[in-house]
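Single-structure report; data block below.
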Amino acid sequence: VYQIRMLPGAVLPCHDHRDYNGVIQLLEGSAHLRNFNLADEPEAIQKAEKFKIKETQNVNAKVGDITSLARQRDNIHEIIAGPEGVLFLDVFTFYKPTAASKYLTVEKAPVDAENKLYLASWRK
């Protein structure tokens, strides 16, 4: 369980949540939330230079809003604090003691706008 405060406009960049689930509730302020699913096979993605991800959520969240992610759903996400900043409660369930996140770089323009597909790569 974490309580995280972000200053106005601060960014928690795209990252995954392999081997754990999470629930986020906004307690103060607002935030822009984007979530993605893997669009390519997970085994291939770990070795790929670039791979596809599908945007599943793109919302402006306010106090009281709750979002969740799971190992197979909405697993990749980013959070951008709103103009007054944000305070949120972050609750995770870990499946392995070694669970960790990896950061991604996501291209700005979709490769398939109709299906909300973007190219991404792992940050080194």
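R0 = 22 Å: FRET efficiency of Gln3 with Glu107, Cβ-based, nearest 0.05?
Details: r = 32 Å, r/R0 = 1.47.
My answer for the efficiency is 0.10.
On full extension of the chain, what length is gained from Glu41 through Val23, given 0.36 nm per residue of separation minus the C-alpha to C-alpha distance?
Full extension from Glu41 to Val23 adds 4.0 nm.
Determine the dipole magnitude for the chain: charges of +1 sit on the beta-carbon of Lys and Arg, -1 on that of Asp and Glu, nothing else is charged, the reference point is the Cα centre, and the result goes in debye to the nearest 20.
280
Quick check for you: with a 1.4 Å probe and neighbouring chains kept, what is the accessible area per residue of the chain, in Å²? Intermediate results must be reported in sequence, preceding the final value.
Numbers: 7270 Å² over 124 residues.
Accessible area per residue: 59 Å².
Which of the trypsin sites (Lys or Arg not before Pro) across the range 14-78 are loop residues per DSSP, with 12 or fewer other Cβ within 10 Å?
Lys47, Arg73
Which listed residue (Tyr103, Asn115, Ile79) has the Cα farthest towards the positive end of the charge dipole for the chain, taking +1 on Lys and Arg C-beta and -1 on Asp and Glu C-beta about the Cα centre?
After comparing all options, I get Tyr103.
Can you give me the convex hull volume of the Cα atoms of the range 1-55, divided per residue and expressed in Å³?
Dividing the Cα hull volume of the range 1-55 by its residue count gives 115 Å³.
Convex hull over the alpha-carbon atoms of the chain: what's its volume per residue in Å³? Before the final figure, lay out each step's value.
Details: hull volume 13.3 nm³, N = 124.
Measuring per residue, one finds 108 Å³ for the Cα hull of the chain.
Which percent of the accessible heavy-atom area of the chain goes to carbon and sulfur, probe 1.4 angstrom?
Carbon and sulfur atoms account for 53 percent of the accessible area of the chain.
The values are calculated or read from the model by the stated rules, or taken from the named source; none is laboratory data. Just so we're clear, the structure is a prediction, and the values are computed from it rather than from any experiment. Because the Cβ atoms are built from the backbone with ideal geometry, glycine has one as well, and the counts that use them run over all protein chains shown. When the accessible area is computed, the model is the full protein with side chains, heavy atoms only, and any ligands, DNA or RNA have been set aside. Shrake-Rupley method; radii C 1.70, N 1.55, O 1.52, S 1.80 Å.
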